[in-house]
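To start, the structure itself, in structure tokens.
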Amino acid sequence: MKQLLYEQVMLDIEKKIISGDYPLQTRLPSEKELADYYQVSAITIKRALTELKDLGYLSRKPREGTIVVSEKKVAKEIPIRTNLPLIGAVVTNFTDVFGTHILNGLLEEEDTNTNIILKKSLGDAKKEERLIKELIDLQIDGLILLPSTSQYLSPTILELASNQFPMVVIDRTLDNLPISSITTDNRASANLLTSYLIELGHQHIGILSSSNVVSSANDRLQGYIQAHAALQVTMDDSLNQNIIESVIPDSQVPISQDIEAIIDFIKDHPKMTAIIATEYNIAVLARKACYLLGKKVPEDLSIACFDHPDNHFDDLAFTYTHIKQQQEKMGRACVNVLLEQIDQPENVTKTLISGELVIGDSTAKLN
């Protein structure tokens, strides 16, 4: 298997220690100087020096720097990559609606191929950054990431990408960055969902999303727009609302506030006969708003959404018309793409997985 950059740096420094280029009690150059010398990132240098410290060659203390303390291995042999790769995974959150099945796919594929360390950021960008750094310090071989936002990527992620560190982003598209991604084809799926409602006779279709800036929601909006254009239905821009706050991980906004906002949205658009919710929980809030307004779903207002919890044991449960994402397939694909990238760091791939339209109780033909 091809050596990673940190291993190449580690072995070169080790040779210099053994040959006497770095004698005992010598202070090594700073991490920045080493990074410049080897033309790698600070993360790579830190990982190489940490490994050499674990091998017993170095002492690393604040204010003292990195000191050569031995010319022989005293902790362990130079690691040969025969063990299962160690993968770190940072996700915003996971529920039975979205995320749990992705984890099932990860863990089922991981069972014989890798070991995975899972962390949860709850959509906090600072926490996400800290968790990634902690995983890097654990000397993971690759990273799976469900970012808190698509608007901003942390300096650590960008540095890892520039250093060709094996990494896969899930449920987000990063078209202009050399980072592998696995996501549902959200544009095609939203087009399919919108087209279905138009075929039922709906001409005034609202779309509700959260205020969080993520590529999946934007792609769903683009699919919604494309369906209107393809079927020559005039689109009212005021029916596109990204006003929902309570569904964002770790949000402090009360659910009641979002329900009131949806009530106002419905009141302000009396011609609207259907709503597409970009998340399942938004669909639930929309149905509650209809109930409070005395409107029936789907008789007075059809509602469709993305994702849905499984109701295997409750065949009487209300089911929304929805796009079902192939979450387990996404999870499995993440592991396989990452393993390929560990072998070939330059092998960046963008994978789209089709969604499936599931007809439920929440939509009806317009009379």
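No value in this document is a laboratory result; all are computed from the given coordinates. Treat the numbers as computed from the prediction; the structure is a model and nothing was measured. Please note: Cβ atoms are built from the backbone with ideal geometry, for glycine as well, and neighbour counts cover all protein chains shown.
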*asked:* Based on alpha-carbon centroids, what's the gap between the stretch 134-203 and the stretch 254-290 in Å, whole number please?
replied: 27 Å
*Over the chain: helical MRE at 222 nm, DSSP H runs n ≥ 4 each giving -39500 (n - 2.57), nearest 500*: -13000 deg cm²/dmol
*Extended-chain gain in nm, criterion 0.36 nm per residue less alpha-carbon gap, V69 and Q232*: 51.2 nm
*Which whole-number percent gives the relative contact order of the chain, counting Cα pairs below 8 Å spaced six or more residues apart?*
17 percent
*So what is log10(I(q)/I(0)) for the stretch 186-325 at q = 0.09, 0.11, 0.15, 0.19 1/Å, when the Debye sum runs over its Cα atoms only?*
-0.24, -0.37, -0.70, -1.15
*So if we plug the beta-carbon distance of H204 and R130 into 1/(1 + (r/R0)^6) with R0 = 51 Å, what FRET efficiency do we get, rounded to 0.05?*
0.65
*Over the stretch 52-208, how many percent of alpha carbon pairs lie in each 5 Å bin up to the one with the longest distance?*
2, 7, 13, 15, 15, 13, 11, 9, 6, 3, 2, 1, 1, 1, 1, 0
*What is the stretch 5-68 by shape, rounded, prolate or oblate, if you read a ≥ b ≥ c off the alpha carbon gyration tensor as root eigenvalues and call it rounded for a/c under 1.5, prolate for a/b larger than b/c, and oblate otherwise?*
rounded
*Ranked by Cβ crowding within 10 angstrom, fewest neighbours first, how are I276, I43 ordered?*
I43, I276
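Taking only the C-alpha atoms, wrap a convex hull around the chain and report its volume per residue in Å³ as a whole number.
On the way: hull volume 53.7 nm³, N = 367.
Hull volume normalised by residue count: 146 Å³.
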*Output the relative contact order of the stretch 223-328, whole-number percent, from Cα pairs under 8 angstrom with separation of 6+ residues.*
19 percent
*Between V213 and L24, what is the label-to-label distance in nm when each label sits 7 Å out along the Cα-to-Cβ direction?*
5.7 nm
_Entries of K267/K288; K126/K324; K329/K350 with Cα pairs more than 21 Å apart_ = K126/K324
*Full extension from V253 to K32: what is 0.36 nm times the residue separation minus their Cα-Cα distance, to one decimal in nm?*
75.2 nm
*Which FRET efficiency value, to the nearest 0.05, is calculated for E159 and L118 with the Förster distance at 25 angstrom and r the Cβ-Cβ distance?*
0.65
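Got the relative contact order for the stretch 5-68 handy, in percent, Cα pairs under 8 Å and 6 or more residues apart?
43 percent
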_DSSP bridge pairs, the chain: antiparallel proportion in percent, nearest 5_ = 20 percent
